[in-house]
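Asker: First, the structure itself, so that you have it in front of you.
The values are calculated or read from the model by the stated rules, or taken from the named source; none is laboratory data. Quick caveat: nothing in here was measured; it's all calculated off a predicted structure. No Cβ is skipped: glycine too gets one built from the backbone with ideal geometry, and neighbour counts run over all protein chains shown.
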Amino acid sequence: MAAVAVSVAGLLTLTACGGGDKGGSGGGQAAQKKVEVFSWWTGPGEADGLKAMRGIFEKQNPNFTFFDAAVAGGSGDQARALLSSKLQANQPPDTFQGHAGAELQGYIKAGKLESLNFLYDELKLKEVFPQQLIDQISVQGQVYSVPVNIHRSNVLWFNPGVLKTAGIAAAPATVDEFIADLAKVKKAGKIPLSIGSQWTVVHLFENVLLGSLGTDAYNALWAPNADWSNANVTKALENFKTVLSYAGTPQEDWQPAAKQVADGEAAFNIMGDWAYGYFHNPPDGGLGKQSKTDFDWAASPGTDGTFMWLSDSFTLPKGAPNRNGAVAWLKVAASKEGQDAFNPLKGSIPARKDADKSLYKDYLAWSLEQWSADKLAGSIQHGVVAPDAWKTALSDAIGLFQQDQDVAKLQQALVAAAKAGGQ
Ligand code: GAL
């Protein structure tokens with residue numbers, strides 16, 4: 001009986017794949033077809049959420065084998081470089097993680113993704129995701145991905161004990177207060193601000209830019225013909241220079257930089273809320289730290305009332321070798337069960353509006369509240385506002401700036417990047 005059931009399932013899988021299937025050649029092999037899921041969630045904290053969703057997928061889909069094709073490196077810069085060469089060679093994984101917004105629009109324009117309207121209709125997904133999020137993953141009425149979460153970029157993580165030692169009574173509310181506090185920590189002999197690899201500096205940049213300019217002026221920078229040359233931007237870049245002058249030795253990635261705060265070596269770290277999963281999750285995945293005691297958080301300086309958002313979403317690439325397997329994964333990623341398993345560990349809130357709120361405690365309860373009340377701004381580093389070429393030019397300019405500290409040159413490069421990228 002079991003053998004018959006397995007081969008029928010295998011047959012169904014092969015038939016429905018309509019020729020795109022290069023998987024097993026029948027029987028038991030086909031029944032154990034792997035589903036290659038591409039992301040960059042390998043590191044401490046990040047992998048926990050994926051593992052939880054994988055567990056649900058495996059339970060619901062005994063005929064498929066989950067294949068974790070994650071490529072290490074926070075924020076996925078390394079993963080995306082590999083992904084891009086795979087896509088160019090028409091050798092896509094079965095499904096990959098792409099950020100909602102400009103990044104996903106790039107994949108859509110390049111013709112790399114299948115429309116998921118069939119899935120949205122079948123599962124009535126338009127009713128469960130916020131409309132503004134659906135807009136970010138759609139072109140001409142076609143929806144191209146399944147958003148699994150909402151992450152917040154603008155979080156200031158801090159060590160309460162270190163702040164106390166430095167004589168700082170509360171988290172800084174403005175960029176000016178932040179700069180004054182960084183100086184106090186330096187005097188107290190601790191690392192004022194921890195940073196990681198280069199992308200974490202771009203992450204810091206988007207936060208200082210938002211905090212210095214305010215939300216409306218920041219959002220206006222992404223419109224066609226936006227003015228990047230004005231004096232307010234200059235002031236924001238000067239702030240960035242000052243803030244950066246208090247940074248410690250760059251760590252290998254975001255986790256060791258965040259850990260410096262948790263360990264009391266550094267006072268502050270500006271990072272997305274995946275850091276919460278890392279701080280809070282029990283070892284081995286996380287650090288098992290105590291919220292409010294070992295670490296605490298606030299809106300990054302000058303950004304209270306604004307949620308700088310980003311969203312992880314999964315796609316169906318054209319020519320996915322195991323299309324059925326990919327669709328099965330997307331169904332889990334879209335489900336309430338999948339999102340409620342993934343997000344509390346990932347440090348994010350669900351993209352679905354109907355998730356079980358009681359599962360989101362502590363930082364996550366705060367984030368849910370802010371998400372429903374705050375103004376919105378989109379993240380640069382995590383794919384929301386700037387198409388890939390623009391983002392790369394901007395990151396390169398910031399990389400050079402780390403060496404030469406030349407504000408005027410940085411501003412010129414940002415003006416040029418906006419001109420080229422906004423076209
Ligand atoms: C972001 C991604 C998050 C998290 C972070 C650090 O780009 O959206 O899910 O993984 O990078 O790696």
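Conditions (1) crowded, with 17+ Cβ neighbours inside 10 Å; (2) within 20 Å of Arg323 (Cα to Cα), marked per residue:
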{"position": "Phe96", "(1), (2)": "yes, yes"}
{"position": "Ala110", "(1), (2)": "no, yes"}
{"position": "Asn117", "(1), (2)": "no, yes"}
{"position": "Leu123", "(1), (2)": "no, yes"}
{"position": "Leu133", "(1), (2)": "yes, no"}
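Asker: For Ser348, are the conditions met, namely being within 16 Å of the ligand (Cβ to nearest atom), crowded, with 24+ Cβ neighbours inside 10 Å and under 14 Å from Gln97 (Cα atoms)? Give the derivation first.
Answerer: Working: within 16 Å of the ligand (Cβ to nearest atom): yes; crowded, with 24+ Cβ neighbours inside 10 Å: yes; under 14 Å from Gln97 (Cα atoms): no.
Taking the combined requirement at face value, the residue does not satisfy it.
Asker: Right, something else. Evaluate segment 309-318: report whether one residue or more is modelled with pLDDT of 95 or more, assigned by TED's automatic domain parsing to the domain that holds Ala365, more than 28 Å from Leu359 (Cβ to Cβ) and outside any helix (DSSP H, G or I).
Answerer: yes
Asker: Okay, moving on. If you go through segment 65-96, how many residues are within 15 Å of the ligand (Cβ to nearest atom) and more than 19 Å from the chain's Cα centre (by Cα)?
Answerer: Matching residues across segment 65-96 total 0.
Asker: So, one more: Within segment 371-396, which residues are over 16 Å from the mean Cα position of the chain (by Cα) and over 23 Å from Ser335 (Cα atoms)? Don't jump to the end; show me each part of the working.
Answerer: Residues of segment 371-396 that are over 16 Å from the mean Cα position of the chain (by Cα), as a first pass: 372-375, 389-390, 392-396.
Ala373, Asp374, Lys375, Ala389, Trp390, Thr392, Ala393, Leu394, Ser395, Asp396, listed by residue number.
Asker: Does segment 141-174 hold any residues that are closer than 30 Å to Ala351 by Cα and more than 16 Å from the ligand (Cβ to nearest atom), and which are they?
Answerer: Let us first name the residues in segment 141-174 that are closer than 30 Å to Ala351 by Cα, namely 141-159, 171-174.
Listed by number, the residues that qualify are Gly141, Gln142, Val143, Tyr144, Leu156, Phe158, Asn159, Ala171, Pro172, Ala173, Thr174.
Asker: Then there is this: How many of the residues in segment 175-198 are in contact with a strand residue (DSSP E or B) (Cβ under 9 Å, 6 or more places away or on another chain) and not basic (Lys, Arg)? Even if it seems obvious, please write down each step before you answer.
Answerer: Here is the first cut: in segment 175-198, the residues in contact with a strand residue (DSSP E or B) (Cβ under 9 Å, 6 or more places away or on another chain) are 178, 181-186, 188, 190-196.
From what is left, the residues that are not basic (Lys, Arg) are 178, 181-183, 185, 188, 191-196.
Result for segment 175-198: 12.
Asker: Determine which single condition Lys164 fails, assuming it passes every other condition in (1) crowded, with 23+ Cβ neighbours inside 10 Å; (2) among the basic types (Lys, Arg); (3) out of contact with any Gly (no Cβ under 9 Å at 6 or more places or on another chain).
Answerer: Unmet for Lys164, out of (1) crowded, with 23+ Cβ neighbours inside 10 Å; (2) among the basic types (Lys, Arg); (3) out of contact with any Gly (no Cβ under 9 Å at 6 or more places or on another chain): (1).
Asker: As an exercise: evaluate Asp135 against (1) under 22 Å from Asn219 (Cα atoms); (2) under 15 Å from the mean Cα position of the chain (by Cα) and give the number of the one condition it does not meet.
Answerer: (2)
Asker: Name the residues in segment 283-300 that are assigned to a strand (DSSP E or B) and either in contact with a Cys (Cβ under 6 Å, 6 or more places away or on another chain) or not hydrophobic (A, V, I, L, M, F, W, C) (or both), would you?
Answerer: Initial filter on segment 283-300 (assigned to a strand (DSSP E or B)): 291, 295-299.
Selection gives Ser291, Asp296.
Asker: Just the residues that are more than 16 Å from the ligand (Cβ to nearest atom) and touching a helix residue (DSSP H, G or I) at 6+ places or on another chain (Cβ under 6 Å), please, taken from segment 301-326.
Answerer: Once the filter is applied, which keeps residues that are more than 16 Å from the ligand (Cβ to nearest atom) and touching a helix residue (DSSP H, G or I) at 6+ places or on another chain (Cβ under 6 Å), segment 301-326 yields Pro301, Gly302, Thr303, Thr306, Leu316, Ala320, Asn324.
Asker: Any idea how many residues of segment 368-397 are within 16 Å of the ligand (Cβ to nearest atom) and either free of Cβ contacts under 8 Å to residues at least 40 places away in the same chain or assigned to a helix (DSSP H, G or I) (or both)?
Answerer: 6
Asker: Which ones in segment 48-64 are more than 10 Å from the ligand (Cβ to nearest atom) and aliphatic (A, V, I, L, M)? Walk me through it before giving the result.
Answerer: We begin by selecting, within segment 48-64, every residue more than 10 Å from the ligand (Cβ to nearest atom); these are 48, 51-64.
Passing the criteria: Ala52, Met53, Ile56.
Asker: Does Ala365 satisfy the criteria of being within 19 Å of the chain's Cα centre (by Cα), without any contact (Cβ under 8 Å) to a residue 12 or more places away in the chain and either surrounded by fewer than 24 Cβ atoms within 10 Å (Cβ to Cβ) or outside any helix (DSSP H, G or I) (or both)? Before the answer, list the steps.
Answerer: Values: within 19 Å of the chain's Cα centre (by Cα): yes; without any contact (Cβ under 8 Å) to a residue 12 or more places away in the chain: yes; either surrounded by fewer than 24 Cβ atoms within 10 Å (Cβ to Cβ) or outside any helix (DSSP H, G or I) (or both): yes.
For Ala365, the condition - within 19 Å of the chain's Cα centre (by Cα), without any contact (Cβ under 8 Å) to a residue 12 or more places away in the chain and either surrounded by fewer than 24 Cβ atoms within 10 Å (Cβ to Cβ) or outside any helix (DSSP H, G or I) (or both) - is met.
Asker: Select from segment 188-230 the residues that are at pLDDT 95 or above, of a type in the set (S, T, N, Q) and out of contact with any helix residue (DSSP H, G or I) (no Cβ under 6 Å at 6 or more places or on another chain) and write down the one among them that is surrounded by the most Cβ atoms within 10 Å (Cβ to Cβ).
Answerer: Checked segment 188-230; the qualifying residue surrounded by the most Cβ atoms within 10 Å (Cβ to Cβ) is Asn207.
Asker: Another one. Can you tell me which of (1) at pLDDT below 95; (2) within 19 Å of the chain's Cα centre (by Cα); (3) more than 16 Å from the ligand (Cβ to nearest atom) is the one Gly285 doesn't meet?
Answerer: (3)
Asker: Looking only at residues in segment 264-282 that are in contact with an Asp or Glu (Cβ under 7 Å, 6 or more places away or on another chain) and either in a strand (DSSP E or B) or within 13 Å of the ligand (Cβ to nearest atom) (or both), which one is farthest from Leu310 (Cα to Cα)?
Answerer: Looking at the filtered set, the residue picked out is Gly277.
Asker: Also, quick follow-up: For segment 79-120, give me each residue that is of a type in the set (Gly, Ala, Ser) and free of Cβ contacts under 8 Å to residues at least 60 places away in the same chain.
Answerer: Keep residues of segment 79-120 that are of a type in the set (Gly, Ala, Ser), which gives 79, 81, 84-85, 89, 98, 100-102, 106, 110-111, 115.
Those that are of a type in the set (Gly, Ala, Ser) and free of Cβ contacts under 8 Å to residues at least 60 places away in the same chain: Ala79, Ala81, Ser84, Ser85, Ala89, Ala110, Ser115.
To keep it simple, each residue is scored yes or no on (1) within 14 Å of the ligand (Cβ to nearest atom); (2) in contact with a Leu (Cβ under 8 Å, 6 or more places away or on another chain); (3) in a loop (DSSP other than H, G, I, E, B).
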site: Pro192; (1), (2), (3): no, yes, no
site: Gly196; (1), (2), (3): yes, no, yes
site: Asp216; (1), (2), (3): no, no, no
site: Asn225; (1), (2), (3): no, no, yes
site: Ser229; (1), (2), (3): no, no, yes
site: Glu238; (1), (2), (3): no, no, no
site: Pro250; (1), (2), (3): no, no, yes
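Asker: Can you list the helices (runs of 4 or more DSSP H) found entirely within segment 88-147 that contain at least 1 residues being more than 28 Å from Gly421 (Cα to Cα)? Reasoning before the result, please.
Answerer: Details: elements: 102-109, 117-123, 131-136.
So the answer is 117-123.
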